[in-house]
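Everything on this sheet refers to the single structure shown next.
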Amino acid sequence: MEFIQKVVDELDSFEFDPKYIESWNTYLNEAKWGWDFISPSINSLPAGSHVFELGAGPQALAAQVASQDMIVTAIEPSGSGFSIMADLGEKVNALAAKSNITYTVIDVTGEEYVNSNFFDFAYSVNVMEHVSEIDCVLDNVLYSLKAGGVYQFVCPNYAFPFEPHFNFPTLVHKGLTDMVIRKKALKASKVSDPEGLWSSLNWITQRKVKKWAKEKDNVSVVFSNRALQMYISRAQKDPIFVQRHRILSQISMKMSPLLLAISKLVPKSISPFIDVKITKLN
């Protein structure tokens, strides 16, 4: 994560509104974790592979991938809930250019973007829970992959009764949670646009992804609990993550061996995370 760390190291030299520094640190910290998540897949690709990122956010992860001799195309639409990302993204892009790292970012949604049989690998990190039309985005990514290409993504699984952006329990059904919990969650949130963030959530579940895949004759879908295991370790070692999720981190620190053992056994359908690789067969 050499480039991402470079952004972190130079953050103090950027011109910014001080009230955004906490959010920027959080975004960059998530990019570090994202690199840990996808790097085994990236490192297995030959140099010059075409890689697609769905939801570039502050662009740090896209730049990191591009620094590994990958040809990166990323999409990041302007949208509610993430209004301060654009400024950081501009600064990251400028820093990447100074480091001779190039990549393409397009202001378009996953529902709109297709590039037929073009990409060797696609990924997204905590993005699929924000798209408007889950099936449409999955269709478009699949259509954009070459035969044998893989889409790897991780995001919250809303079959698990917890909303990680707001650190609030849920009632599984979005409508019921809206009525009972929404106001309390928004009031307690520290994000810059809690209303926009809440409205962006689509309550994706592993079941919805499996249902989509069953209607296709050219995909292989493999779910994993690797992300869950990584998050359990993260809750002990990542100070920024610990600060954001104090209660969960305290539980993890006290019960880590047990939680790691359970994470290997917990049904993936009710895991807190959807961690999946979708391969286009032909």
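The values are calculated or read from the model by the stated rules, or taken from the named source; none is laboratory data. Nothing here was measured: the structure is a model prediction, and the numbers come from that model. Backbone-built Cβ (ideal geometry, glycine too); neighbour counts: all protein chains shown.
Of all residue pairs spaced 6 or more apart or on separate chains, those with beta-carbon atoms under 8 Å, a first member in the stretch 150-173 that is buried (at least 16 other Cβ atoms within 10 Å of the Cβ) and among the charged types (D, E, K, R) and a second member that is outside any loop (DSSP other than H, G, I, E, B) and at pLDDT 90 or above are E163/P156; E163/P169; E163/T177; E163/A185. Of all the listed residues (E112, E129, E90), the sole one being in contact (Cβ under 8 Å) with a residue 60 or more places away in the chain and either touching a helix residue (DSSP H, G or I) at 6+ places or on another chain (Cβ under 6 Å) or not in a strand (DSSP E or B) (or both) is E129.
Looking only at the stretch 157-185, count every residue that is on the phi < 0 side of the Ramachandran plot and in a loop (DSSP other than H, G, I, E, B) and tell me the total.
Residues meeting the conditions: 12.
Taking the criterion of being acidic (D, E) and either in contact with a helix residue (DSSP H, G or I) (Cβ under 6 Å, 6 or more places away or on another chain) or assigned to a helix (DSSP H, G or I) (or both), the residues of the stretch 2-15 that qualify are E2, D9, E10, D12. Looking across K19, K6, one residue alone is at pLDDT below 95, surrounded by 18 or more Cβ atoms within 10 Å (Cβ to Cβ) and among the charged types (D, E, K, R). It is K6. On the basis of being charged (D, E, K, R) and either under 29 Å from I134 (Cβ atoms) or in contact with a Cys (Cβ under 7 Å, 6 or more places away or on another chain) (or both), does E30 make the cut? Criteria met by E30. Check the stretch 28-44 and report whether any residue there is surrounded by fewer than 17 Cβ atoms within 10 Å (Cβ to Cβ), under 18 Å from H165 (Cα atoms) and among the charged types (D, E, K, R). The answer is no, given that none of the residues of the stretch 28-44 is surrounded by fewer than 17 Cβ atoms within 10 Å (Cβ to Cβ), under 18 Å from H165 (Cα atoms) and among the charged types (D, E, K, R).
Meeting the requirement of 1 or more residues that are surrounded by fewer than 18 Cβ atoms within 10 Å (Cβ to Cβ) and at pLDDT below 90, the helices (runs of 4 or more DSSP H) wholly within the stretch 186-282 are 194-200, 226-237, 239-244, 246-263. Consider the stretch 16-46 and keep the residues that are in a loop (DSSP other than H, G, I, E, B) and either touching a Leu at 6+ places or on another chain (Cβ under 9 Å) or in contact (Cβ under 8 Å) with a residue 40 or more places away in the chain (or both). The one that is nearest to F241 (Cα to Cα) is F16.
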